[in-house]
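Worksheet: one structure, shown below.
The values are calculated or read from the model by the stated rules, or taken from the named source; none is laboratory data. On a predicted model such as this, the values are computed, not experimentally measured, just so you know. Cβ sites come from the backbone with ideal geometry, for glycine too, and all protein chains shown count toward neighbours.
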Amino acid sequence: MKWKTIYFPRVEVMIVFPVLLFLFVGCYTVPETGRTALNVVPDAQLSRLALASFNQLKEEEKVSDDYEMNVRVNRVGKRIARSVGKDLPNADWEFIVFDNDELINAFAMPGGKVGVYSGIFKIATTDSLLAVVMGHEIAHVTARHANQRLSRELLIQFVAFGIDSAMEDSSRESRNAVLTAYGVGTSFGYRLPYSRLSEKEADHLGLIYLARAGYDPVASLEFWRRMEEAETGEKPPQFLSTHPSGENRKDHLLELMPLALNEYEKALQEGKVNYSK
Ligand SMILES: [Zn+2]
């Protein structure tokens, strides 16, 4: 009897190994919703890339020195950051207002870097309304949506080309990948919308965060109503191009409302009262 040589074709090893590695190493459970998601880029690495992107944005865009806006964004941001707690360990929170009245937009990045364009104040006229958009953006981060998007892209790259320097720490491409994954980066001219699932998850988590921070979750209905209304205006907010609004967003929020009101009630009992409506 003749033994056959067992061998693994190189190309198959190159495909199978990274796929297995991805599936076994990189999974993450999304807070509150409990969904298991692919998540292969270490949080620390993503935070470093996000920090570089954020600093780049601060250099390239005009940072607002409007006292009132900065106070409000920091006040709301800090309260939400406290209710996020362990969902984003090692966060180094930073809340920046970018001076652009035409841009009705906001974003948050891994590591706790949050940007709000001054145009958002046309819609977020109260702290509770501002908490809706900031809570939603921060929820995209705690649910690791950018990481999932990057993980999928990296998986495709690995399968196609084998392991190479797909994620070099400080390269401009990597930073741009983070910006794209977050749907920001006005300077780079490309944006990707979040998936419907990501939107639903961010609505859910964001609602819980703002309620825990002592903001009335019912404000979320008004915020999205105003956003939809602005969409039909002369200059539709860019926000909705990256945060697609499903027809059933309102239904989903109403469905979650008892849970959120319960959290809000607890927050009020703990003395987290929002004095600045
Ligand atoms: Zn969103």
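Side notes on the structure shown:
- Within region 96-118, one or more residues are assigned to a loop (DSSP other than H, G, I, E, B), within 22 Å of Arg225 (Cβ to Cβ) and of a type in the set (Asp, Glu).
Results for (1) of a type in the set (Gly, Ala, Ser); (2) modelled with pLDDT of 95 or more; (3) in contact with a Pro (Cβ under 7 Å, 6 or more places away or on another chain), shown as yes or no for each residue.
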{"site": "Ala81", "(1), (2), (3)": "yes, yes, no"}
{"site": "Asn100", "(1), (2), (3)": "no, no, no"}
{"site": "Val132", "(1), (2), (3)": "no, yes, no"}
{"site": "Gln148", "(1), (2), (3)": "no, no, no"}
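- Counting residues in region 46-65 that are on the phi > 0 side of the Ramachandran plot and at pLDDT below 90 gives zero.
Yes/no matrix, rows are residues, columns are (1) under 14 Å from Met69 (Cα atoms); (2) among the β-branched types (Val, Ile, Thr); (3) within 15 Å of the ligand (Cβ to nearest atom):
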| residue | (1), (2), (3) |
| --- | --- |
| Val116 | yes, yes, yes |
| Asp127 | yes, no, no |
| Leu130 | yes, no, no |
| Ala143 | no, no, yes |
| Gln148 | no, no, yes |
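- Taking the listed residues Pro237, Pro217, the one that is touching a residue at least 12 places away in the same chain (Cβ under 8 Å), within 16 Å of the ligand (Cβ to nearest atom) and at negative phi is Pro237, with no other qualifying.
- Flag if Ser220 is at pLDDT 85 or above, of a type in the set (Ser, Thr, Tyr) and assigned to a helix (DSSP H, G or I): yes
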